[in-house]
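Asks: Could you have a look at this structure, given as structure tokens, before my questions?
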Amino acid sequence: MDGRILNNDPNLRAEKSWTSELTAERLTTKGSLRATVFHETTRDALYSSRSRRP
């Protein structure tokens, strides 16, 4: 590949992402405990991959 764009689309929409994170932490005399939950929803994402031509 020489870095050229092989497929382009002027009508592509911007990527949109909604990210949520919730963390709870408990401190005790013996140490601490932390739990985290993470969620992400993404729309109109572009992923690139390199294809090999024979």
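Asks: Looking at the stretch 10-39, which of its residues are among the acidic types (Asp, Glu) and exposed (fewer than 10 other Cβ atoms within 10 Å of the Cβ)?
Replies: Glu21, Glu25
Asks: Please go through the stretch 1-48 and pick out each residue that is part of a loop (DSSP other than H, G, I, E, B), of a type outside the set (A, V, I, L, M, F, W, C) and modelled with pLDDT of 80 or more.
Replies: Asn11, Arg13, Glu15, Thr29, Lys30, Asp44, listed by residue number.
Asks: Could we say that Arg52 is open to solvent by 100 Å² or more (accessible area, probe 1.4 Å), over 22 Å from the mean Cα position of the chain (by Cα) and at pLDDT 90 or above here?
Replies: So Arg52 does not fit the description; no.
The values are calculated or read from the model by the stated rules, or taken from the named source; none is laboratory data. The structure presented is a predicted model; accordingly, all values stated were derived computationally and were not measured. All Cβ positions, even for glycine, are placed from backbone atoms using ideal geometry, and neighbour counts span all protein chains on display. These accessible areas exclude ligands, DNA and RNA; they are computed on the full protein's heavy atoms, side chains included. Shrake-Rupley method; radii C 1.70, N 1.55, O 1.52, S 1.80 Å.
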